[in-house]
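Remarks on the structure that follows.
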Ligand code: SF4
C-alpha cells in the first residue's frame, strides 16, 4: 500500500487535487485553440476516455476569447496555459476556466501578479506553477552550481512566494525535467519545503513507446514514494494516449481501480492463434471502459486456462477453437475468428458498458 504525502487539497472545477483525493489524470490539447470546433472535438474525445482535466494553450488574445465558447461546450474542467501575458490570464478567467497554469515571476511587476491573484480568488480558481528545467530564469542554475533539481526548487519557491505575498494559497506545483532522476529529486526536495499538491510529469518524454516507458519509470518512482496528486503523461502522439498511459500507471500501482487491466502473453511456438493482433485490437477498442476488470488474452492451453481463470474474463487459444472463461469458469468454445467478439460481448455483459 502506497502512503501518499500529506498535502492541502485544491479544486479544479469539480476535481479535487491533493492527498485527500484520488490522483487525477489530465492531458493537453494540441489543436489550434482559436479553432473552436477542432478543440472542442478533441476535448470531447478526451472526456470519453475519462480525462479529468484538460489544459489548453492560450498564446493569443484570440485564443483567450475562444475559451468562452470552448468552456461552454465541454464538461471537463479547462485549465488555461499562459506564459508571460497576464491579460490572457484575466480574459481566460472571464471565459470560465477552472484553473490557470502561469508562473507569477514571468508576468512582470507585482501589480500584475496582484491582479491575477485577486481575479483567481474572486473566481475560486487555483494556479499551477509549472517549473521546467529547460526554461529556468537567468542565474538560478549557476547559483545552484548546475544542479537542475535544486535550481527548479529554488525557482518554484520564488514563484510560490510571489503568490503567498498576495495571500494566495490555492496553488499546485510541477517541477519537470526530461531527465527522470532530476525530476524525482526535484519533487523530493520540494516536498520537504511545502505542502502544496504536486502535478507530476516527465516533460517532453517522447513518442508513445519511449515516452510511456520513460513516464512509467519516472512517475512510477514518484508515486511509489507518495509524491504526486495529479499527473500528465507527456507524449508526442494523440493526447488520448496520454490519458490511457496515465491510467495504466496508476492502475499498476493500485492507485486507481477503474478500466481494463490487460494480461496478454508474449506468444511462443505453442501459440495457436494470433495473440498479438487480438491483444492490440482489444486494447485499442476497450480503452474507454470505466469499470475495473481483469482480462487475460493467452495463446495456448499451457498457461492460458490458469491465467484466464484468475482474471475476470479471459481466453485461451486452441488449434481451431479457443476457450472463453468468465468468473473463473469456462463458459464456451468459439471458432478462433469469433473469439474476440465473444470476449467483448462477455465484458459488456459483466460491466453493462458498451465497448464499441
Ligand atoms: S500462454 Fe502459451 S503461447 Fe502464450 S507464451 Fe505462454 S506458452 Fe506460449
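Computed values, structure above
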{"read-out": "With Cα atoms, 0 to 90° folded angle of helix 239-252 axis to the chain main axis", "value": "70 degrees"}
{"read-out": "Reference-scaled alpha-carbon Rg (2.2 N^0.38 Å with N residues) for the range 260-351", "value": "0.94"}
{"read-out": "Extension reserve of the residue 303-residue 45 stretch, reckoned as 0.36 nm per residue once the Cα distance is removed", "value": "89.2 nm"}
{"read-out": "Pairwise label distance in nanometres, residue 207 with residue 61, each label 7 Å out on the Cα-Cβ vector", "value": "4.2 nm"}
{"read-out": "Antiparallel DSSP beta bridges within the chain, as percent of all bridges there, nearest 5", "value": "30 percent"}
{"read-out": "The chain shape via C-alpha gyration tensor axes, a/c threshold 1.5", "value": "prolate"}
{"read-out": "For the chain: relative contact order, % (alpha-carbon pairs under 8 angstrom, 6 or more apart)", "value": "13 percent"}
{"read-out": "Sorted peptide list for 290-296, 106-112, 163-169, criterion being average Cβ within 10 angstrom, highest first", "value": "290-296, 163-169, 106-112"}
{"read-out": "Paramagnetic label zone (point 7 Å from Cα along Cα-to-C-beta, residue 35; backbone N under 15 Å) in the range 58-76", "value": "63"}
{"read-out": "Helix-derived mean residue ellipticity, 222 nm - over the chain, DSSP H n ≥ 4, -39500 (n - 2.57), to 500", "value": "-13000 deg cm²/dmol"}
{"read-out": "R0 of 30 Å, Cβ-Cβ distance residue 330-residue 238: FRET efficiency to nearest 0.05", "value": "0.20"}
{"read-out": "Separation in nanometres of the label points that stand 7 Å from Cα toward Cβ, at residue 354 and residue 337", "value": "2.7 nm"}
{"read-out": "Calculated FRET value between residue 274 and residue 83, using beta carbons and R₀ = 35 Å, to 0.05", "value": "0.15"}
{"read-out": "Acute angle (nearest 10 degrees) that the helix 86-95 long axis makes with the longest principal axis of the chain, alpha-carbon atoms", "value": "50 degrees"}
{"read-out": "Footprinting exposure proxy for 41, 128 (fewest neighbouring C-beta atoms within 10 Å first)", "value": "41, 128"}
{"read-out": "Degrees, to the nearest 10: 148-164 long Cα axis against longest axis of the chain", "value": "60 degrees"}
{"read-out": "Gained length - residue 3 relative to residue 320, 0.36 nm times residue gap less alpha-carbon distance", "value": "109.3 nm"}
{"read-out": "Length released on extending from residue 115 to residue 137, taking residue separation times 0.36 nm less the Cα-Cα span", "value": "5.7 nm"}
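We did not get these values from a lab; they are worked out from the coordinates using the rules stated. Note that this is a predicted model, so its numbers are computed, not measured. Using ideal geometry, Cβ is built from the backbone for each residue, glycine included, and neighbour counts are taken over all protein chains shown.
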